[in-house]
1. Residues that are buried (at least 17 other Cβ atoms within 10 Å of the Cβ): which strands (runs of 3 or more DSSP E) entirely in the stretch 49-108 hold 3 or more of them?
2. Hey, among the residues in the stretch 29-48 that are in a loop (DSSP other than H, G, I, E, B) and under 14 Å from T98 (Cβ atoms), which one's most open to solvent (accessible area, probe 1.4 Å)?
3. For residues that are of a type in the set (S, T, N, Q) and modelled with pLDDT under 50, tally how many sit in the stretch 1-58.
4. Answer yes or no as to whether V104 is under 13 Å from the mean Cα position of the chain (by Cα) and either in contact (Cβ under 8 Å) with a residue 40 or more places away in the chain or at positive phi (or both).
5. Give the stretch 72-108 a look and list any residue that's farther than 13 Å from V33 by Cβ, touching an Asp or Glu at 6+ places or on another chain (Cβ under 6 Å) and not hydroxyl-bearing (S, T, Y), or say none.
6. Report, ordered by the first and then the second residue, all pairs with beta carbons closer than 6 Å, sequence separation of six or more or different chains, a first member in the stretch 66-79 that is over 13 Å from Y90 (Cα atoms) and at pLDDT 95 or above, and a second member that is open to solvent by 20 Å² or more (accessible area, probe 1.4 Å) and not in a strand (DSSP E or B).
Amino acid sequence: MSVDQSRDIAGGDGKAAAQAVTTAAATASSYPVAPGYRLNVRSGPGTGYSVVRTLSEGSRVAINCQTPGTWVTGPYGASNIWDNIGSGQYVSDAYIRTGSDGYVAPRC
């Protein structure tokens with residue numbers, strides 16, 4: 001679908017289409033936390049860093065960048081990759097279903 005077609009469907013100004021594209025892009029670039037897990041978000045890339053919050057079951061995360069840290073074994077295997085999901089917020093990639101055993105985002 002072209003942008004012109006999206007504007008016609010949205011009704012002239014394209015705001016609804018732009019919002020739909022933005023929402024779809026955000027969903028496409030976010031990854032689910034492993035089912036059945038509440039996941040600790042830490043202040044740095046390792047289990048020695050403090051917990052800053054906990055993600056609820058069924059959460060999805062957008063990965064800004066990834067960096068190596070302490071090794072963690074989770075439902076998606078053992079990994080030393082940590083995903084930055086916000087300023088001073090990291091989760092172990094072993095609990096995030098990215099579809100890859102390697103990096104899926106730029107390194108931090």
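The values are calculated or read from the model by the stated rules, or taken from the named source; none is laboratory data. Predicted model, so just to flag it, every value in this text is computed and none were measured. Cβ atoms come from the backbone with ideal geometry, glycine included; neighbour counts cover every protein chain shown. Ligands, DNA and RNA are stripped out before the accessible areas are found, and what is left, the full protein with its side chains, is counted by its heavy atoms. Shrake-Rupley method; radii C 1.70, N 1.55, O 1.52, S 1.80 Å.
1. Where strands (runs of 3 or more DSSP E) fall fully within the stretch 49-108 and carry at least 3 residues being buried (at least 17 other Cβ atoms within 10 Å of the Cβ), they are 65-74, 77-86, 89-92.
2. It comes out as S29.
3. Number satisfying all stated conditions: 7.
4. yes
5. I81
6. G74/Y95
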